[in-house]
Amino acid sequence: MPIITAPVVTPPGPGTPGGGGQGPIILPGVGEATAHYTDPTGTVWPLTSPSAGWFTLPDGVSGLGAARYALTTDPQPRGGGRMRHAQPQPRTIIWPLYVYGQDHMQFIERWRALATAFTRTLREGPGTLTIARPNGTSRSVRVYYQEGFEGRGVQGSGLVSDAAALALWCEDPYWQDTAPVTVHREQGEGKDFLDPYPSVTSSQVLGDTTLTNPGDAIVWPTWVITGPASLITFTHQGTGEAFSLSPSATGHGNLAPGEQVTVRTDPPQVRGPGGDNWFAALNWPSAVLWGLAPGVNPVAFELLGSGPGSAVDLVFHPRYETA
């Protein structure tokens with residue numbers, strides 16, 4: 001087979017590990033896009049910039065499409081079956097990289113640095129693969145290195161260039177929008193309707209509302225409740241699932257004006273003012289930290305003891321089947 005020779009380019013300058021900007025490439029099943037990888041330390045590694053000293057071989061990229069599902073089915077007496085449950089399965093992405101240098105030592109330094117950037121996910125937590133579109137939108141997925149950083153093992157490889165086909169394992173198969181969706185609901189300040197003339201407040205009032213999830217899969221938001229409040233109840237009116245939070249259950253007393261509680265739904269976590277653990281403030285065992293299904297979700301926010309400044313904020317990243 002022919003030996004691939006490394007292109008001659010100007011070595012990347014100081015700064016980010018690769019240096020240089022990223023250029024779009026055509027990815028199978030994705031189209032025109034750029035890509036980068038963020039390792040567990042937060043260092044960003046461009047994947048579609050030849051001037052970085054490495055670049056993606058798009059012909060070998062796979063695993064960017066819809067998630068794979070395991071179906072639980074029941075046979076039917078008259079033949080066929082009925083689906084009872086669909087369980088999304090972890091995703092494996094194959095990402096080939098071509099690494100080169102102007103001499104052997106430059107190549108080997110780049111090869112070693114990239115190998116460490118990916119394999120450290122097994123020790124320090126997942127990295128993030130991000131696919132960006134020309135219109136500025138991007139989606140990402142958390143990845144763990146599985147295998148593939150081995151080189152081609154053919155004559156001529158490993159001197160000033162080599163290629164590796166990385167297998168990246170994703171515990172959550174869904175792609176996540178890098179831009180969060182934020183929602184704010186605030187208690188309106190009470191006013192006399194007739195004094196000095198008929199008037200209404202423009203502030204949003206806590207109560208029944210709708211929340212829209214533009215993605216393809218359920219999302220698990222993070223909630224921030226700002227006092228004053230003595231009891232907080234969030235109900236998904238479509239499913240009937242609900243959870244309540246009582247500040248007094250922690251010995252703290254009512255939530256004072258300006259004090260905040262943060263509730264994460266996945267993984268479950270409750271932090272009170274000052275970062276204290278308020279997990280016991282939830283109404284266990286009946287509490288359900290519900291998520292938002294794709295589309296419009298009817299919900300209700302109830303804050304007892306609320307007043308001017310009482311507010312509910314939530315944030316989530318929409319999740320999608322494909323990149």
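The values are calculated or read from the model by the stated rules, or taken from the named source; none is laboratory data. All figures in this text were calculated on a predicted structure; none of them were measured in a lab. Don't worry about glycine lacking a Cβ; one is built from the backbone with ideal geometry, like all the others, and counts go over all protein chains shown.
Determine which member of the set Gly18, Gly53 is modelled with pLDDT under 95, closer than 20 Å to Thr119 by Cβ, in contact with a Phe, Trp or Tyr (Cβ under 9 Å, 6 or more places away or on another chain) and not polar (S, T, N, Q).
One residue alone meets the criteria, Gly18.
Yes or no, residue by residue, for (1) closer than 30 Å to Ala86 by Cα; (2) small (Gly, Ala, Ser); (3) assigned by TED's automatic domain parsing to the domain that holds Arg185:
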residue: Val261; (1), (2), (3): no, no, yes
residue: Phe279; (1), (2), (3): no, no, yes
residue: Pro294; (1), (2), (3): yes, no, yes
residue: Gly309; (1), (2), (3): no, yes, yes
residue: Asp313; (1), (2), (3): no, no, yes
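Which of (1) under 26 Å from Asp177 (Cα atoms); (2) part of a loop (DSSP other than H, G, I, E, B) is the odd one out, the single condition Val224 does not satisfy?
(2)
Checking the structure you have, find out if any residue of segment 70-82 is of a type outside the set (Ser, Thr, Tyr), surrounded by 13 or more Cβ atoms within 10 Å (Cβ to Cβ) and in contact with a strand residue (DSSP E or B) (Cβ under 6 Å, 6 or more places away or on another chain).
Within segment 70-82, not a single residue is of a type outside the set (Ser, Thr, Tyr), surrounded by 13 or more Cβ atoms within 10 Å (Cβ to Cβ) and in contact with a strand residue (DSSP E or B) (Cβ under 6 Å, 6 or more places away or on another chain).
Just wondering, is there one or more residues in segment 227-235 that are at pLDDT 95 or above, out of contact with any Ser or Thr (no Cβ under 7 Å at 6 or more places or on another chain), crowded, with 16+ Cβ neighbours inside 10 Å and of a type outside the set (A, V, I, L, M, F, W, C)?
Yes, segment 227-235 has at least one match.
Which of (1) modelled with pLDDT of 95 or more; (2) surrounded by fewer than 16 Cβ atoms within 10 Å (Cβ to Cβ); (3) in the same structural domain as Ala67 (by TED's automatic domain parsing) is the odd one out, the single condition Leu168 does not satisfy?
(2)
Looking only at segment 46-67, which residues are over 15 Å from Ile93 (Cβ atoms), touching a residue at least 40 places away in the same chain (Cβ under 8 Å) and crowded, with 21+ Cβ neighbours inside 10 Å?
Within segment 46-67, Ala52, Gly53, Trp54, Phe55 meet the criteria.
Among (1) surrounded by fewer than 14 Cβ atoms within 10 Å (Cβ to Cβ); (2) modelled with pLDDT of 95 or more, where does Ser244 come up short?
So Ser244 meets the others, but not (1).
Filter segment 266-318 down to the residues that are in a strand (DSSP E or B) and of a type in the set (S, T, N, Q), then identify the one that is surrounded by the fewest Cβ atoms within 10 Å (Cβ to Cβ).
Asn277
I want to confirm something. Restricting to segment 111-139 and keeping residues that are among the basic types (Lys, Arg) and either modelled with pLDDT under 95 or part of a loop (DSSP other than H, G, I, E, B) (or both), which single residue is nearest to Ala35 (Cα to Cα)?
Within segment 111-139, the match that is nearest to Ala35 (Cα to Cα) is Arg133.
Taking the conditions exactly as written (within 30 Å of Ser161 (Cβ to Cβ), at pLDDT below 95, touching a strand residue (DSSP E or B) at 6+ places or on another chain (Cβ under 9 Å) and in the same structural domain as Thr128 (by TED's automatic domain parsing)), does Gly60 satisfy them or not?
In short, yes.
For residues that are among the hydrophobic types (A, V, I, L, M, F, W, C) and crowded, with 17+ Cβ neighbours inside 10 Å, scanning just segment 249-265, find the one that is farthest from the chain's Cα centre (by Cα).
Looking at residues that are among the hydrophobic types (A, V, I, L, M, F, W, C) and crowded, with 17+ Cβ neighbours inside 10 Å, I get Leu255.
All but one of (1) of a type outside the set (D, E, K, R); (2) under 20 Å from Thr43 (Cα atoms); (3) in a strand (DSSP E or B) hold for Ile108; which doesn't?
Unmet for Ile108, out of (1) of a type outside the set (D, E, K, R); (2) under 20 Å from Thr43 (Cα atoms); (3) in a strand (DSSP E or B): (3).
Quick one: count up the residues across segment 227-262 that are aliphatic (A, V, I, L, M) and assigned to a loop (DSSP other than H, G, I, E, B).
1
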